[in-house]
Amino acid sequence: MSDVTMQAARVETSAQARRGKDRRWRTNLAGLGFVLPFFIVYALFLIWPILLGLRMSFFNWTLSGLGSSDFLGLGNYQQLFSDSDFWQSLGVTLLFTVISTPLLIIVGFGLALLVNRAIPGQAFFRTVFFASYVLPVSVVVLIWSWLFQPGFGLIDGVLTDLHLPSVGWLSSPNIALISVIIVTVWWTVGYNFLLYLAGMQQISPEMNEAASLDGAGSWARIRWITIPLLNRTTTMILILQVIASLQLFQQAYLLMGSGDGPNNSTRSIVQYIYENGFTTFRVGFASAGSYILFVIILIVSIGQFSLLARQRRNA
Amino acid sequence: MKSELHEFIDELSGNVRSGRMTRRAFIEKTLATGISMSAAVALLDACGTSATSGTGSNLVFWNLFGGGDGARMIQMENAFQSANPHIGLQSVTLTWGDPYYTKVSMAAAGGKPPDVAISHMTRMIILAEQNLLDPFNVDELASVGITQDNFLPALWQKAHYNGKLYAIPLDTHPFVAYYNTEVCKKAGLLDANGNLKTIQGPTALMDALKSVKQVTGNYGTVFEIEGVTPWRLFYTLYSQMGAKIFSPDGKELLMDDTKAEQVLSFMTDLTVTNKVAAQNIDYAGSVALFGSGKSGFLWNGEWEVTTFQTEKTPFSMAPFPLVYDQYRAQADSHTFVLPRQASVDSTSRANALQFVSFMLKNSYTWAQGGHVPAYLPVANSAVYKALKPQSNYAGVAPNVVFDDPAWFSGSGSRLETQAAGAFQNALNGLGTPAQGIRQFRAFLQKMLAIKLPF
């Protein structure tokens, strides 16, 4: 860009150059003027808190501002790394991410496949699959906490009627996280479903027709046409999904009645940060935790974006 | 319409924040529904409650009461407003627990907090320790009729920190026993007047619950497992053995593991060995099971009295039984506190004292929700003594035990949730009582080792 301008400047007379500079100046000023309001808000509410959070993470800072000059160096980080609860909650988040992400992708894809064909009531099913995504988290949790209720909940009621043992959906340490995953899949799969459906409708019908004429069955068409052509969609969903899953908090927190779940089995890393910052008011320590989560998400995102870039080059 | 839009915006902005939706998609969606961005921002603004302090004769009051308590508090506020038309009362209700205490702390740290606010007695100390509260002036209090002799000595003492008075108690809310009168009658637990006979000692209690279980076919008693109630039950029983968790300054661990394990074993006998109490249930579940007659008892705080009156459950209430050596029941107290002002406005302060005084003197309204009034002229009044079943357990007030003080203890604290969490496995038959106590001890040690700036 600057090369081009320099070349242009050389052929111009000095008077033209002055006028040109003047105009550029004004254009730049107008541009800055448009960007400035956004930038001020962005700096004030995003950049500044991020920097302040980094500063806090080195102090024994409390919510009320006490301890803001009590410098600990890396003390907060040391304490985090030696706290078994920190590692345990990080493990919960990673386990949740590893299980829920593939499920959300596969189920979303499957649902999109089901309605991406001429079937009666197609519009109805599309709405149904997407409907739960529109619900606020509090409503979702309210519905499921009654479904999961032991004794008289719908799910346990059916199990008991079939003479199957009742399950401690929200009370068994081995099952509580699975319940959180079930709720999350039901709640958010609609978004992936929609992205996949949009992607499938971009695939031209001629390809499928041609493949059918050549004798490809429906499974072969999915395997060799639909899935490869939706590669880019899948990568995008994967990136969004992993970032969202690493931030697991609200549904688990509400489902467990603001608790950590049986034996802390549903306490995510975000909840661990929340409890330290807002229940025991240690915002310095909580900031250190946030920074660790930030670094983890950053590393994962860089990895995924480089994957995406390679895919683009190959395409 | 406005609230629908508000919810929609909330939901969308939540999605953006959680990364499930891009900012572009957010804008497209809001535009698609015909909401301009400025309208969206205005809606977001509208959801905050403005609490601007003191122009003229205003009085800003913050509290954390929802449900029946919230309705009664509003009733009392309205009574105050019509009795004092010259004071403009602005009441703000915030979500119970962490969200409330977070906001009170930050408002006080910022120097522009409400003129008067509610705090649990057990949380008041933590606020005072961080210098977030102003002490009450005892002489000014006397001028509005609030004096020491109107409160139980132990409760009045609790309201002090470093020799200064920081809280005016509105009530005491002990852990109690609700009982189903029809079920208990069939089980032979009622006397000639239809009141619950005294049950004393672990064996008598277990036998009584077994006979109730035979009547209901389901449970003898229920109490919330997935929440803080296991802590309330544990601390009631543990205190009945005369043991303490911390030293009075909250710095040293005094927990007696043998006694603690004995208590947790007894609780496990209820849910696992004898199955007279339900496993796995949450708070709503425990209330529903008792309300529908599937259990003869409910062990809980006394605040569900209106629920069962509305449901027309045949029930009454009694003190939690004496199981061990000395009578104790876990409790806390809602109090009025003065968040620290950067500069005290004398009119607002005087209004605040008027308000506190009015609320105490009219706390009969409050008592109907189950809480035992702290103000003795109300607690000793004939009209309160005739209030049934609420006054049945009022006699335990001198023998209640508050959570031992520590910077991480009190209502809604990490201690309560972590204790209950440590006990749940044993109560659900997935671990031993000894494991539960070990986990609880490890948590306490970890928290006590943390160096605080106050």
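Applying the criterion of being at the interface with another protein chain (Cβ under 9 Å from one of its Cβ atoms) and in a helix (DSSP H, G or I) to the residues of region A:246-261, the residue that is surrounded by the most Cβ atoms within 10 Å (Cβ to Cβ) is A:246. When region B:321-338 is filtered for residues that are assigned to a strand (DSSP E or B) and not charged (D, E, K, R), the ones remaining, listed by number, are B:322, B:329, B:330, B:331, B:334, B:335, B:336, B:337, B:338.
Pairing each residue of region B:253-280 that is within 14 Å of chain A (Cβ to nearest Cβ) and touching a residue at least 60 places away in the same chain (Cβ under 8 Å) with any residue that is acidic (Asp, Glu) and in a loop (DSSP other than H, G, I, E, B), provided the two are 6+ apart or on different chains, yields C-beta distances under 9 Å for B:280/B:226.
The set of residues from region A:61-103 being under 21 Å from residue B:418 (Cβ atoms), part of a helix (DSSP H, G or I) and free of Cβ contacts under 8 Å to residues at least 40 places away in the same chain comprises A:81, A:84, A:87, A:91. In the set (1) within 14 Å of chain A (Cβ to nearest Cβ); (2) more than 30 Å from residue A:64 (Cα to Cα); (3) among the hydrophobic types (A, V, I, L, M, F, W, C), the condition left unmet by residue B:298 is number (1).
Per the listing B:318, B:284, the residue uniquely surrounded by fewer than 23 Cβ atoms within 10 Å (Cβ to Cβ) and part of a strand (DSSP E or B) is B:318. Residues in region A:266-305 that are small (Gly, Ala, Ser) and under 18 Å from the mean Cα position of the chain (by Cα): A:268, A:290, A:301, A:303. Candidates are the residues of region A:55-67 that are within 12 Å of chain B (Cβ to nearest Cβ) and among the hydroxyl-bearing types (Ser, Thr, Tyr); the one that is nearest to residue A:283 (Cα to Cα) is A:62. Looking at region B:420-454 only, could you name the residues that are assigned to a loop (DSSP other than H, G, I, E, B) and within 13 Å of residue B:407 (Cα to Cα)? Answer for region B:420-454, where residues must be assigned to a loop (DSSP other than H, G, I, E, B) and within 13 Å of residue B:407 (Cα to Cα): B:449, B:450, B:451, B:452, B:453, B:454. Each residue in region B:82-117 was checked for being closer than 18 Å to residue A:64 by Cβ, in contact with a Phe, Trp or Tyr (Cβ under 7 Å, 6 or more places away or on another chain) and in contact (Cβ under 8 Å) with a residue 40 or more places away in the chain, and 4 pass. No other residue among B:189, B:170 is of a type in the set (A, V, I, L, M) and closer than 30 Å to residue B:128 by Cβ apart from B:170. Applying the criterion of at least 2 residues that are modelled with pLDDT of 95 or more and closer than 30 Å to residue B:380 by Cα to the helices (runs of 4 or more DSSP H) found wholly in region B:153-230 leaves B:153-158, B:181-186. Each residue in region A:109-142 was checked for being free of Cβ contacts under 8 Å to residues at least 40 places away in the same chain and either within 26 Å of residue A:238 (Cβ to Cβ) or more than 13 Å from chain B (Cβ to nearest Cβ) (or both), and 14 pass. Kindly evaluate residue A:306 against the criterion of being among the small types (Gly, Ala, Ser) and away from chain B (no Cβ under 11 Å). Judged against the criteria, residue A:306 is a match.
When we screen B:259, B:275 for residues that are part of a loop (DSSP other than H, G, I, E, B) and either surrounded by 23 or more Cβ atoms within 10 Å (Cβ to Cβ) or not acidic (Asp, Glu) (or both), the only hit is B:275. Looking at the structure I just gave you, is residue B:402 away from chain A (no Cβ under 14 Å) and in contact (Cβ under 8 Å) with a residue 24 or more places away in the chain? Answer is yes for this residue. The single condition among (1) touching a residue at least 40 places away in the same chain (Cβ under 8 Å); (2) part of a loop (DSSP other than H, G, I, E, B); (3) closer than 30 Å to residue A:62 by Cα that residue B:146 does not meet is (3).
Quick grid of which residues meet (1) over 21 Å from the mean Cα position of the chain (by Cα); (2) touching a residue at least 60 places away in the same chain (Cβ under 8 Å); (3) within 28 Å of residue B:376 (Cα to Cα):
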| position | (1), (2), (3) |
| --- | --- |
| B:168 | no, yes, yes |
| B:181 | yes, yes, no |
| B:196 | yes, yes, yes |
| B:200 | yes, yes, no |
| B:216 | yes, yes, no |
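Could you check, for region A:196-210, whether at least one of its residues is within 13 Å of chain B (Cβ to nearest Cβ), farther than 30 Å from residue A:267 by Cβ and free of Cβ contacts under 8 Å to residues at least 60 places away in the same chain? Checking region A:196-210: at least one residue is within 13 Å of chain B (Cβ to nearest Cβ), farther than 30 Å from residue A:267 by Cβ and free of Cβ contacts under 8 Å to residues at least 60 places away in the same chain. Restricting attention to region B:439-454, the residues that are free of Cβ contacts under 8 Å to residues at least 60 places away in the same chain and more than 9 Å from chain A (Cβ to nearest Cβ) total 1.
Taking the listed residues B:443, B:408, B:423, the one that is under 17 Å from the mean Cα position of the chain (by Cα) and of a type in the set (Phe, Trp, Tyr) is B:408, with no other qualifying. Among residues of region B:101-122 being more than 11 Å from every other protein chain (Cβ to nearest Cβ) and outside any loop (DSSP other than H, G, I, E, B), the one that is farthest from the chain's Cα centre (by Cα) is B:116. Being modelled with pLDDT of 95 or more and out of contact with any helix residue (DSSP H, G or I) (no Cβ under 7 Å at 6 or more places or on another chain) is true of residue B:400. Is it fair to say residue A:238 is touching a residue at least 40 places away in the same chain (Cβ under 8 Å), under 21 Å from residue A:135 (Cβ atoms) and part of a helix (DSSP H, G or I)? Criteria not met by residue A:238.
Residue by residue, here is whether (1) over 30 Å from the mean Cα position of the chain (by Cα); (2) surrounded by fewer than 16 Cβ atoms within 10 Å (Cβ to Cβ); (3) part of a helix (DSSP H, G or I); (4) within 13 Å of chain B (Cβ to nearest Cβ) holds:
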{"position": "A:26", "(1), (2), (3), (4)": "yes, yes, yes, no"}
{"position": "A:47", "(1), (2), (3), (4)": "no, yes, yes, no"}
{"position": "A:50", "(1), (2), (3), (4)": "no, yes, yes, no"}
{"position": "A:53", "(1), (2), (3), (4)": "no, no, yes, no"}
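Looking across region B:321-337 at every residue that is among the hydrophobic types (A, V, I, L, M, F, W, C) and within 15 Å of residue B:399 (Cβ to Cβ), the one that is surrounded by the fewest Cβ atoms within 10 Å (Cβ to Cβ) is identified as B:322. Among all residues of region B:60-77, there is none that is exposed (fewer than 15 other Cβ atoms within 10 Å of the Cβ), more than 21 Å from residue B:306 (Cβ to Cβ) and either free of Cβ contacts under 8 Å to residues at least 40 places away in the same chain or not aliphatic (A, V, I, L, M) (or both).
For region A:180-187, does any single residue satisfy the condition of being modelled with pLDDT of 95 or more, buried (at least 16 other Cβ atoms within 10 Å of the Cβ), within 12 Å of another protein chain (Cβ to nearest Cβ) and closer than 30 Å to residue A:156 by Cα? Checking region A:180-187: at least one residue is modelled with pLDDT of 95 or more, buried (at least 16 other Cβ atoms within 10 Å of the Cβ), within 12 Å of another protein chain (Cβ to nearest Cβ) and closer than 30 Å to residue A:156 by Cα.
The values are calculated or read from the model by the stated rules, or taken from the named source; none is laboratory data. Owing to the predicted nature of the structure, the values given are computational and were not obtained by experimental measurement. Note that each Cβ is placed from the backbone with ideal geometry, even for glycine, and that neighbours are counted across all protein chains shown.
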